[in-house]
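All remarks here apply to the structure that follows.
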Amino acid sequence: MKTITRIWKVNGEEKTVKVPPMRRLLDVLREDLGLKGAKEGCGEGECGTCTVLINGAPMVSCLIPAGQVRDGTEIMTVEGLEKTEGGRLLQEVYADKGSAQCGFCIPGMILSSYALLSRNPNPDEAAIREAHAGNLCRCTGYQKIVEAVQAAARKWPGNK
Amino acid sequence: MKFLEDMDCAFPKNLQEALKLMADEKSRGRPIAGGTDLMVQWSSGVLPMPERAIDLSGLPELKGVSENTDSVVIGAAVTHAEMRRSPIVQVHLPSLAQAAATIGGAQIQARGTIAGSVANASPAGDLGPSLLITNGRVVVASKAGEREIELAKFFLGYRKIDLQPDELIVRFILPKIHAGCRESFRKLGPRAAQAISKVMGSYRGSAKGKEVKDFAVALGSVAPIPIRLPEFEQWIVGKEIGKKVLDEAEQRVAAMIKPIDDIRSTAEYRQWVSGRIVRGFLEELVAE
Ligand SMILES: Cc1cc2nc3c(=O)[nH]c(=O)nc-3n(C[C@H](O)[C@H](O)[C@H](O)COP(=O)(O)OP(=O)(O)OC[C@H]3O[C@@H](n4cnc5c(N)ncnc54)[C@H](O)[C@@H]3O)c2cc1C
Ligand code: FES
Ligand code: FES
């Protein structure tokens with residue numbers, strides 16, 4: 001099996017991986033790096049539970065060959081959330097608003113929230129719904145997730 | 001080959017390197033850009049896994065949106081997210097910007113590319129109609145050189161495009177919308193995001209008062225490839241838009257297309273919706 005070496009910044013820490021080039025980023029994160037936060041729901045890009053941020057943009061890690069993730073890329077998984085001010089705030093409001101039920105979708109959902117607010121700290125409801133359209137949730141009906149993002153926006157670093 | 005882990009992948013650093021790999025059968029591989037179609041097709045077994053993939057995401061020649069006087073030039077590996085956020089695309093190709101914004105969700109838009117969408121050549125590919133209304137062209141390249149083809153001739157049939165095994169799509173040259181023209185994109189699917197279209201369409205046109213001066217219209221998901229409606233376009237030019245013409249337009253469009261029944265919709269429904277979409281376009285064209 002051919003492998004390639006890549007050096008990434010995962011949740012702020014430099015990580016070197018030696019992996020088959022077409023291995024899915026999701027598997028590298030979960031199995032090789034032990035970061036089990038990103039979940040596999042569908043494996044086909046539809047559900048968004050495997051969402052991670054690649055240089056700040058949400059992407060589904062089940063469709064990304066590890067080799068395509070270049071050296072120096074910043075990857076943020078749900079485990080990295082608490083290292084950021086906005087991430088801690090989102091954890092708080094998701095809990096306060098009761099935005100998680102079974103919780104399976106949340107690692108991806110909350111990263112989509114983080115990416116949205118980082119780019120647009122004052123989103124209207126339509127923008128919030130659109131930014132989370134690639135994250136399916138079978139429990140909450142989305143309303144409490146929207147409310148959590150609205151609450152987080154009010155206190156977002158820089159918005160206060 | 002059964003596992004993605006067993007597939008090799010080459011990472012060329014520029015277009016010339018990539019074309020060299022593509023030129024020789026021994027080094028050739030399946031080009032992969034965003035992987036949003038391929039990774040799904042390979043994992044699900046719809047498409048057999050090749051020995052090797054050739055990664056296009058590191059080729060600088062395939063990146064970027066630029067403009068000249070008449071046209072917008074979009075690199076093959078430009079993503080849907082880049083198109084929808086590009087001021088050049090928003091201003092000069094509004095229908096394309098709108099279509100890109102409806103593809104999948106943010107995660108898919110950040111990865112999926114214009115050439116991937118065109119080369120995947122799904123009848124339900126959302127970009128097709130917006131590309132066809134521009135009368136645009138596509139530039140493909142092999143080691144031997146470049147070739148420019150009209151987009152209308154590039155789509156050959158169901159999942160078939162005019163691309164040789166050693167060629168790559170390099171860029172798209174898409175004529176800008178003229179001052180005084182309008183265009184837009186409309187898509188009908190089961191839900192707003194992450195849904196495969198039942199029918200989608202785009203138009204570009206101009207009117208003087210209620211009279212149609214120019215009209216280009218294209219539909220997707222109603223035939224094996226995205227189509228223009230040349231006979232309809234000829235018929236509508238010069239007409240005054242009013243209820244009678246709109247009713248007739250709706251019927252003509254429905255009668256003109258021959259869609260199929262599939263899991264997403266029926267032929268009859270697609271004909272009806274196509275008529276309604278084009279009617280809406282004409283109303284928008286002459287609106288104040
Ligand atoms: C969850 C999900 C939702 C989706 N929703 C939509 C939607 O709403 N509307 C829609 O239209 N599509 C949708 N798609 C399909 C897909 O995102 C698009 O077709 C996408 O743009 C493909 O681009 P890519 O770069 O990811 O292609 P890839 O998967 O990398 O490649 C697709 C094909 O193009 C070829 N290719 C890529 N680049 C080149 C090149 N430069 N030269 C030659 N060949 C090339 C590849 O060899 C392959 O055959 C969705 C996909 C997923 C997974
Ligand atoms: S597991 Fe990746 S989108 Fe569902
Ligand atoms: S909380 Fe159960 S899927 Fe979202």
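FYI, it's all coordinate maths here, none of it is from the lab. None of the values given here were measured: they were computed from a predicted structure. Neighbour counts run over all protein chains shown; Cβ positions are idealised from the backbone, glycine included.
Summarise the partner chain shielding of B:56-62 as one whole number: the mean count of Cβ atoms from other chains within 10 Å of each residue's Cβ. Walk me through the numbers before you get to the answer.
Values: counts 1, 6, 2, 0, 0, 0, 0.
Mean partner shielding for this stretch: 1.
At a 10 Å Cβ-Cβ cut-off, how would you order B:Thr266, A:Thr51, fewest neighbours first?
Working: B:Thr266 13, A:Thr51 31.
By the 10 Å Cβ count, ascending, the order reads B:Thr266, A:Thr51.
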Quiz prompt | Inter-part distance where the stretch B:147-220 and the stretch A:19-94 are each reduced to a Cα centre, Å | solution = 34 Å
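Looking only at other chains, what is the average number of their beta-carbon atoms within 10 angstrom of each beta-carbon in A:60-71?
For peptide A:60-71, the averaged partner shielding equals 6.
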Quiz item: Leaving out same-chain residues fewer than 8 places away, which aspartates and glutamates sit with a Cα under 18 Å from that of B:Lys198?
Solution: A:Glu46, B:Asp126, B:Glu250, B:Asp261, B:Asp262, B:Glu268
Quiz item: Roughly what would the spin-label model give for B:Asp262 and B:Lys143, points 7 Å off Cα along C-beta, in nm?
Solution: 3.7 nm
Self-check item: Packing rank of B:66-74, B:109-117, where each peptide gets the mean count of other beta carbons within 10 Å, highest leading
Solution: B:109-117, B:66-74
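So, with +1 on the Cβ of K and R and -1 on the Cβ of D and E, and no other charges, what is the size of the charge dipole of chain B about its Cα centre, to the nearest 20 debye? Mind showing how you got there, number by number?
On the way: 38 positive and 35 negative charges, 98 e Å.
Value, rounded to 20: 460 debye.
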Practice problem: Go through B:Leu132, B:Phe172, B:Ile103 and say which Cα lies farthest out towards the positive end of the charge dipole of the stretch B:60-175; charges sit on Cβ, +1 for Lys and Arg, -1 for Asp and Glu. | Solution: B:Ile103
Quiz item: Dipole of the stretch A:1-119 (Lys/Arg Cβ +1, Asp/Glu Cβ -1, origin at the Cα centre): which of A:Ala115, A:Ala95, A:Cys62 lies farthest to the positive side?
Solution: A:Cys62
Quiz prompt | Dipole-positive endmost among B:Gly35, B:Ile225, B:Ser66 within chain B (Cβ charges, Cα centre) | solution = B:Ile225
Self-check item: Sequence ranges A:81-88, B:22-29, ranked by mean other-Cβ count within 10 angstrom, highest first
Solution: A:81-88, B:22-29
Practice problem: Give me the distance in nm between label points sitting 7 Å out from Cα along the Cα-to-Cβ direction at A:Asp32 and B:Gln251, one decimal. | Solution: 6.4 nm
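Report, in listed order, any pair from B:Lys208/B:Lys243; B:Lys213/B:Lys243; B:Lys187/B:Lys213; B:Lys63/B:Lys143; B:Lys176/B:Lys244 with a Cα-Cα distance greater than 21 Å.
With Cα atoms farther than 21 Å apart: B:Lys187/B:Lys213; B:Lys176/B:Lys244.
Among A:Cys105, B:Cys181, which comes first, then next, by fewest other beta-carbon atoms within 10 Å? Write out the running numbers ahead of the final one.
Working: A:Cys105 26, B:Cys181 17.
Lowest count first: B:Cys181, A:Cys105.
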Self-check item: Gaussian network model of chain B, Cα within-10 Å springs - most flexible of B:Ala254, B:Ala124, B:Ala179
Solution: B:Ala179
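Local charge sum around B:Ala254 (other residues, Cβ-Cβ under 13 Å, Lys/Arg +1, Asp/Glu -1)? Please list the in-between numbers first.
Working: positive: B:Arg252, B:Lys258, B:Arg270, B:Arg276, B:Arg279; negative: B:Asp247, B:Glu248, B:Glu250, B:Glu268.
Net charge in that neighbourhood comes out at +1.
Can you pull out the trypsin sites (Lys or Arg not before Pro) in the stretch B:154-230 that DSSP calls coil and that have at most 11 other Cβ atoms within 10 Å?
Numbers: sites: B:Arg159, B:Lys160, B:Arg171, B:Lys176, B:Arg182, B:Arg186, B:Lys187, B:Arg191, B:Lys198, B:Arg204, B:Lys208, B:Lys210, B:Lys213, B:Arg228; in loops: B:Arg159, B:Lys176, B:Arg191, B:Lys198, B:Lys210.
Taking the stretch B:154-230 and a limit of 11 other Cβ atoms within 10 Å, the loop trypsin sites (Lys or Arg not before Pro) found are B:Arg191.
Please go through the stretch B:118-225 and write out the chymotrypsin sites (Phe, Trp or Tyr not before Pro) that DSSP classes as loop and that have at most 14 other C-beta atoms within 10 Å. All intermediate terms of the calculation are to be shown ahead of the outcome.
Values: sites: B:Phe154, B:Phe155, B:Tyr158, B:Phe172, B:Phe185, B:Tyr203, B:Phe215; in loops: B:Tyr158.
Of the chymotrypsin sites (Phe, Trp or Tyr not before Pro), the ones in loops of the stretch B:118-225 whose Cβ has at most 14 other Cβ atoms within 10 Å are B:Tyr158.
Only Cα pairs under 8 Å and at least 6 apart count here; give the relative contact order of chain A as a rounded whole percent. Could the numbers behind the result be given before it?
On the way: 286 pairs, mean separation 36.8, N = 160.
Relative contact order comes out at 23 percent.
Cβ under 12 Å from B:Gly180's Cβ, B:Gly180 left aside: what net charge do those residues give with Lys, Arg +1 and Asp, Glu -1?
Values: positive: B:Arg182, B:Arg204, B:Lys208, B:Lys213; negative: B:Glu183, B:Asp214.
Within the 12 Å Cβ shell, the charges total +2.
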Self-check item: Kirkwood hydrodynamic radius (C-alpha pairs) into Stokes-Einstein, the stretch A:84-155, 10 °C and 1.306 mPa s, D in µm²/s
Solution: 135 µm²/s
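Restricting to Cα atoms and excluding each atom paired with itself, what does the Kirkwood estimate give for the protein assembly as shown in Å?
Details: mean 1/r = 0.0432 Å⁻¹.
Over the protein assembly as shown, the inverse of the mean reciprocal pair distance is 23.2 Å.
Which of B:Ile161, A:Ile64, B:Ile173, B:Ile103 comes first, and how do the rest follow, when ranked by fewest Cβ neighbours within 10 Å?
On the way: B:Ile161 20, A:Ile64 27, B:Ile173 17, B:Ile103 23.
Sorted ascending by nearby Cβ count, the order is B:Ile173, B:Ile161, B:Ile103, A:Ile64.
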Quiz prompt | Mean Cα-pair separation over length for the stretch A:84-155, i.e. relative contact order, pairs under 8 Å, 6 or more apart, % | solution = 47 percent
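Mind checking B:2-8 for the average number of partner chain beta-carbons within 10 Å of each residue's beta-carbon? Working shown, then result.
Values: counts 0, 4, 8, 11, 5, 7, 7.
Averaged over the peptide's residues, the number is 6.
Please give the contour-minus-distance gain from B:Asp214 to B:Glu288: 0.36 nm per residue of separation, less the Cα-Cα distance, rounded to one decimal in nm. Write out the running numbers ahead of the final one.
Details: separation 74, 0.36 × 74 = 26.64 nm, distance 1.69 nm.
Between B:Asp214 and B:Glu288, full extension yields 25.0 nm more.
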Quiz item: Given Cα pairs under 8 Å that are at least 6 residues apart, what percent is the relative contact order of chain B?
Solution: 15 percent
Quiz item: By how many degrees, 0 to 90 and rounded to 10, does the Cα axis of helix A:143-155 deviate from the longest principal axis of chain A?
Solution: 90 degrees
